[in-house]
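The values are calculated or read from the model by the stated rules, or taken from the named source; none is laboratory data. This structure is a prediction, so every number in the text was calculated from the model and none was measured. Cβ placement follows ideal geometry from the backbone for every residue including glycine, while neighbour counts extend to all protein chains displayed. Accessible surface is based on the protein model in full, side chains and every heavy atom, while ligands, DNA and RNA are left aside. Shrake-Rupley method; radii C 1.70, N 1.55, O 1.52, S 1.80 Å.
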Amino acid sequence: MDIETPMPSPTSSSTLSSRVIPVIKSHFAEHNDDIATCLHIAAPHGAGKSTQLVPEVWRFVCDTWPECKGAYLQSTEYQASSLHKVLEDNEETRGCSSRGYDPADSRLALLTYAEAIDGLIFELPSDRVLFVDIEDVPTLEGELLLGRLINSVDARMTNDDGWTSIILLGAGPLSQHVTQAFSQFLELDIEAVDAGIEPGPVDVVELGRDREDKYAPVVEMLQKVFQGSEMPKLEDGGEPGACVVLFGDPASALAGIVDPLQRQLGFSVAHKSFTVDISGRYIREALEDPNPKILCVDPFFPIVLQCTNVVCAVSMGVKCGRVFDAESSQFPWGFMRLSRHELNREMAWVRSASPFPGAKVNYVTMNPVDDPAVLSVRPEEQLYGDLMALALGLAYHWPGTALRDMPVPILARMPAGAFDEAWRRLSAMGCIEPYPSQTERTWRINGLPEDSAYHMIGSPDNPTRSVHLAAMLSYIRVLAKPGLCQLPTLRVLIRMAAIIACDVGSLVPLDLEAIDKMGDAQPSQIVGLIRDDCAGIGKQQAHNGSLWLALGLWQERKDALGSFSVVSTGSMGRGCRTVRLHNVLSHEVDGRVENMERDLAILPCSDEIKDTQLTEDGLDVVNSVLVNSWIHQSVLFPYATDRPPVDLISLQPVYLDEPATVFLDWKPRQMERKELGRGGFIAIYCSVSKKNALIPGDLTYMPNSALRGIRNRLGPSLSAALHTTYMTNVE
C-alpha cells in the first residue's frame, strides 16, 4: 500500500526543494537501517524535479554517505544530455553529474532507460541512490525498466549487498500496478509524497469541427495567425517568427493541416516533427529556428520542452499507433483517444511556453477536454499495440521465467493468453525458442543476443518499432556474417528493409486521378505500365507485387540520378503517372541503405543495377527471409474462387478493393489453379489498417519454394499451424 505523507501548505515563495527536502531527509533517517526504501514524489511538469530537487538531494546524500553511488534514469538521450548541460552551466550544481556511468566517478550518473535496461543498473556497486523519472503513460521501455529495477534491488537484498534507496519522480500519483509490483516482488511499500504544487491555469479554447473536413477550422485559424491578421505587433516594428505547437500524429497533421495551410498561405512555414526517435541535435535546431514554424509533437513524445514565440498550441486529441484488434488478432494502425495524463502533458507545454510578444498562449482543442472517453482510457491500452515487442522483451530479459514470476508491473493488467499467443508467433518467426529443461514451457531468445530481433525493435532502421521488420533486420545481421550469403542478396534485403521502414504506400502512392482517366483499366495493365518504369531485379520480379515494384522504381531513379534531392518535396510521376515516387522518402531510403551497409561493413554498389542481380538461390533467400519475418501478416488466396481471400492467421475476410493492393494482380493467379478447388497461395503485407475489415496496404506474393522451410518447422498446413489462439485463450 502507499504511505501518504502530508505536505505543508505551499506559499508563493516556497520552492519544490523547500517542501520536499525535509520529507526526504526524514525518510532517510527513519529507514536508516533498511536494505531498500522507495519514495515517490509527485509534482507537475516544470516544477523543478530534475534541475532543483535531484541536485539538492544528491548533495545531501554525498555529504551524509560519501562512498555512496548514484544514478538518475531518464527516458531519452536528449533528456540525459540536456540535464547534464543545464547542471554544468549552473554554478551551484556544476560538477555534480556525469553523462554515463564510470565506476571510478563519484558524480551522479545520468543514464537513459535503454542503458539501464541493458545492464548498467546492475553495475552500480553497494550503497546507492537511484532517481527514476516515471512516465505518465506506461510504455514498453518504462515497464521493462521497472522490471529490471525490481530485479536489481531484489539481487542486492538477497545477497545483503549494501542498501538501495529509490526516488521515483512523476507528474501525478503513482499507478496502482507499480505499487503492487514493488509490494509483491520486494515486499516494499512506496512512500508517496505529494509536493502540493498545483499546475497553473491554462486557457482552453474548444474549436468546432467542420462536418466535411474536420481539420478545416484549424487550418482557417492558423492561416490568420501566419498571415498576420491575428498576429500581435511589436512596438518597434520587428516581428519574430511565430511558433505554433501542434499535438498530433505527424503524418495526419502534415496531410490534414500543414499541407493545406501551406497551399492557403502561398508561402512556406517551417514544419518540424518531434517523435520518439529524433536526435537531440534535431530538437535543438528546431527550437532555435527563428523562422515562422509549426512544431508537430507526436503524443508518444515523452518530453515537455520550453518553446519561445508561441502563439497557440493545438491538440488533435488523438494519437496514431498500433492497436490490437481482437476480431482478427492483428495489429492494424489506428487512432486512439488521449488519456487524461497525456492531455495534462500537452497543457504543460502551454504553461512552459514563452509567448509571442503581445500574445496569450491558448490551448486549442478539437475535442472537449472533459470528454468521458478521455477519462475511460486505461493505462495498459497503449501497450496492447506493443504486445509482440513486449513479449519479445520478456523472453530476452527473463529467459526461462514463467510470466507470473516476471516483475514487470503492467503484466498484472494484461491477460496471460495474449502472451501465450505472442510467444507462439515469435517462435514461428524464429525469434525465440523454448527454454530447455523446464517442466513448464518458457522462452528465450534464439541465437546471439546482439543479433536478436529484440535489439532491432528500437533500431533507427525500424522507426515504427515493428516486430516483423525487427525480425527481418535480425535475419539480415545474421546473413551478413562471412560466408553465409551472397553480397547481392544482402543488398536487396537491405533495400527492401529500408523501403518498408519508409512505408511502401507512402514511397510509391498511386495517382488516383490518372488511374480514373484510364477508365476500366485492369490491374495487370497498371502493373505493366509501372513495370516499364522499373529497373533491375525489381523489374524482373514486378509481377510478384508491391515490394518488388517499389524496389524497381526506386532503383531505376537511383541508377539514373545517382542521388535524390530533398529540395523538392513533391514526387515524380511514373508508369504513365499511375504511380508517384516520393522525392523526400526516396532520399530517406537512400540514407537508410547507406547506414545499414556501413553498419554491416558492406561496400556500396559501384553499379546499382548490376550489383543487385540475384541468382535463383539468392532469390530463394530473399523470399525465405520475407516469409519468415512477415508470415503472420499474410493474405491467403484460395484456389477455389467462390471463397474470398482471408487473413491467414484469423481466416477473417480482407478488403482488397483499396487502390494500394492493385500492385499485386492476384486474380489471374487464383484462376490459373481454380480447378484444384483446394489450397491456395499467400501474399505478405507490411502495413495494415482496418475499417469494417482488415485492409492490407501492400501485397507481395510468396512462392511455394519460400514456404518449404517454415513448413518443415511448423507442419504442412500453415493455416492450421499459424491460426490464432488469442480468442480461445483470453475470452
>> So the check is Cβ under 7 Å with 6+ separation or different chains; which pairs have a first residue in the stretch 253-264 that's closer than 16 Å to Met366 by Cβ and a second one that's hydrophobic (A, V, I, L, M, F, W, C) and part of a helix (DSSP H, G or I)?
In response: Ile257/Val218; Ile257/Val219; Pro260/Val219; Leu261/Val219; Leu261/Leu222
> Which fully enclosed strands (runs of 3 or more DSSP E) of the stretch 621-715 have 2 or more residues being touching a helix residue (DSSP H, G or I) at 6+ places or on another chain (Cβ under 9 Å) and modelled with pLDDT of 85 or more?
Replying inline: 634-638, 680-684, 694-696, 700-702
> For residues in the stretch 426-442 being open to solvent by less than 10 Å² (accessible area, probe 1.4 Å) and out of contact with any Leu (no Cβ under 7 Å at 6 or more places or on another chain), which is nearest to Met456 (Cα to Cα)?
Replying inline: Met429
> Which condition number in (1) at pLDDT 95 or above; (2) over 16 Å from the mean Cα position of the chain (by Cα); (3) of a type in the set (Val, Ile, Thr) is the one that Val504 fails?
Replying inline: (1)
> Listed residues Arg598, Arg557; which is in contact with a strand residue (DSSP E or B) (Cβ under 7 Å, 6 or more places away or on another chain), within 29 Å of Pro250 (Cβ to Cβ), part of a helix (DSSP H, G or I) and at pLDDT 90 or above?
Replying inline: Arg557
> When you go through Leu469, Leu551 one by one, which is the residue that is free of Cβ contacts under 8 Å to residues at least 60 places away in the same chain, under 26 Å from Pro250 (Cα atoms) and either assigned to a helix (DSSP H, G or I) or in contact with a Leu (Cβ under 7 Å, 6 or more places away or on another chain) (or both)?
Replying inline: Leu551
> Out of curiosity, is Glu30 open to solvent by 70 Å² or more (accessible area, probe 1.4 Å), at pLDDT 85 or above and touching a strand residue (DSSP E or B) at 6+ places or on another chain (Cβ under 7 Å)?
Replying inline: no
>> Residues that are open to solvent by 50 Å² or more (accessible area, probe 1.4 Å) and free of Cβ contacts under 8 Å to residues at least 40 places away in the same chain, at least 2 per element: which helices (runs of 4 or more DSSP H) completely within the stretch 485-525 meet that?
In response: 512-517
>> Suppose we filter Glu141, Glu115 for residues that are in contact (Cβ under 8 Å) with a residue 60 or more places away in the chain and closer than 21 Å to Leu394 by Cα; which single one remains?
In response: Glu141
>> Which residue is nearest to Leu656 (Cα to Cα), if the candidates are limited to the stretch 537-549 and must be in contact with an Asp or Glu (Cβ under 8 Å, 6 or more places away or on another chain) and open to solvent by 10 Å² or more (accessible area, probe 1.4 Å)?
In response: His543
>> So if I check each of Val593, Val567, which one is within 24 Å of the chain's Cα centre (by Cα), over 27 Å from Gln525 (Cα atoms) and either modelled with pLDDT under 90 or of a type outside the set (Asp, Glu) (or both)?
In response: Val593
> So which of Ile134, Ile150 ends up being open to solvent by less than 40 Å² (accessible area, probe 1.4 Å), hydrophobic (A, V, I, L, M, F, W, C), within 17 Å of Ala412 (Cβ to Cβ) and touching a strand residue (DSSP E or B) at 6+ places or on another chain (Cβ under 9 Å)?
Replying inline: Ile134
> When the stretch 224-250 is examined, which residues are found to be surrounded by fewer than 16 Cβ atoms within 10 Å (Cβ to Cβ) and at pLDDT 85 or above?
Replying inline: Lys224
>> Considering only residues that are more than 23 Å from the chain's Cα centre (by Cα) and in a loop (DSSP other than H, G, I, E, B), which ones fall in the stretch 408-440?
In response: Tyr435, Pro436, Ser437, Gln438, Thr439, Glu440
> How many residues does the stretch 612-669 contain that are open to solvent by 30 Å² or more (accessible area, probe 1.4 Å), among the hydroxyl-bearing types (Ser, Thr, Tyr) and either over 29 Å from the mean Cα position of the chain (by Cα) or closer than 30 Å to Leu490 by Cβ (or both)?
Replying inline: 3
> Does the stretch 48-68 contain any residue that is farther than 12 Å from Ser165 by Cβ, assigned to a helix (DSSP H, G or I), out of contact with any helix residue (DSSP H, G or I) (no Cβ under 6 Å at 6 or more places or on another chain) and free of Cβ contacts under 8 Å to residues at least 12 places away in the same chain?
Replying inline: yes
> Taking the condition on the phi > 0 side of the Ramachandran plot and either of a type in the set (Gly, Ala, Ser) or at pLDDT 95 or above (or both), does Gly385 pass?
Replying inline: no
>> I need the full set of residues from the stretch 445-466 which are out of contact with any Leu (no Cβ under 7 Å at 6 or more places or on another chain), among the charged types (D, E, K, R) and in contact (Cβ under 8 Å) with a residue 60 or more places away in the chain, in order please.
In response: Arg465
>> Take the conditions of a type outside the set (Val, Ile, Thr), free of Cβ contacts under 8 Å to residues at least 24 places away in the same chain and in a loop (DSSP other than H, G, I, E, B) and apply them to Gly538. Does it pass?
In response: no
